[in-house]
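Structure first, commentary second.
The values are calculated or read from the model by the stated rules, or taken from the named source; none is laboratory data. Predicted, not measured: the structure shown is a model, and the values here were computed from it. Cβ: placed from backbone, ideal geometry, glycine included. Neighbour counts: every protein chain shown. Accessible surface areas use protein heavy atoms only, side chains included; no ligands, DNA or RNA. Shrake-Rupley method; radii C 1.70, N 1.55, O 1.52, S 1.80 Å.
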Amino acid sequence: MPRGKLEVYGRKEKPLNAGWAIDENGHETLDPKVALKGALLPLGASASKAAATKATDSACWSTSYAACSRAARSAPICRCRPTVPSPARFHTSSAPSRSDGFRDPAQFKADMDTELRGFKESAKSPGHDRIYVAGEIEYENTLKNREHGVPVHVKVWDGLQKLAAELDLPFEVE
């Protein structure tokens, strides 16, 4: 959701949908004016999931060098238009498949590392002791599943057994 939509909702005194935003303390809010002081949640996530991930914006700011990143907000000039005294206060969402078409790869990686470290070290939402970056939960689950096996819900297991029987296939798991 574009941040400008918060302003529109605020002017109309219309509540936000659940899962759109958090206040400056990490609590979910439906108040657009409070949300403007907090943050939009990534991809409409719930407040608990917001404490877990933040990636799309990172990919966008790091290629556009928009002012939503810590580094860009403190930069002396806009890289794309040197006559502008500070980075643009907005950016378009773009997710390039090859960052080297936009920026020096080493600088891109350094900027991403800095921003991700900032996410991981920022204040946690109430009830959370850790902040995950995109893909981190899935990576940890993959490691766990490789070691202990992939959990399969009993109804899925029963359905697979039934399908194997219908197709006259052996259903053997080691």
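Points worth noting:
- Highest to lowest packing among 15-21, 163-169, scored as the average C-beta count within 10 Å: 15-21, 163-169
- For the stretch 131-174, the set of chymotrypsin sites (Phe, Trp or Tyr not before Pro) satisfying both a DSSP loop assignment and a count of at most 13 other C-beta atoms within 10 Å is given as 171.
- Cross-link table 37/124; 5/37; 33/124; 5/120, entries beyond 24 Å C-alpha to C-alpha: 5/120
- Accessible heavy-atom area order of 128, 148, highest first, probe of 1.4 Å: 148, 128
- Where 11, 3 fall by accessible area, highest first, once all protein chains stay in place (1.4 Å): 11, 3
- Solvent exposure of the stretch 107-153 as accessible area per residue, Å², 1.4 Å probe: 73 Å²
- Here the stretch 94-139 is treated with +1 on each Lys and Arg Cβ and -1 on each Asp and Glu Cβ, and its dipole about the Cα centre works out to around 60 debye.
- Nearby aspartates and glutamates by direct alpha-carbon distance to residue 14 (threshold 17 angstrom, same-chain neighbours under 8 apart not counted): 23, 28, 31
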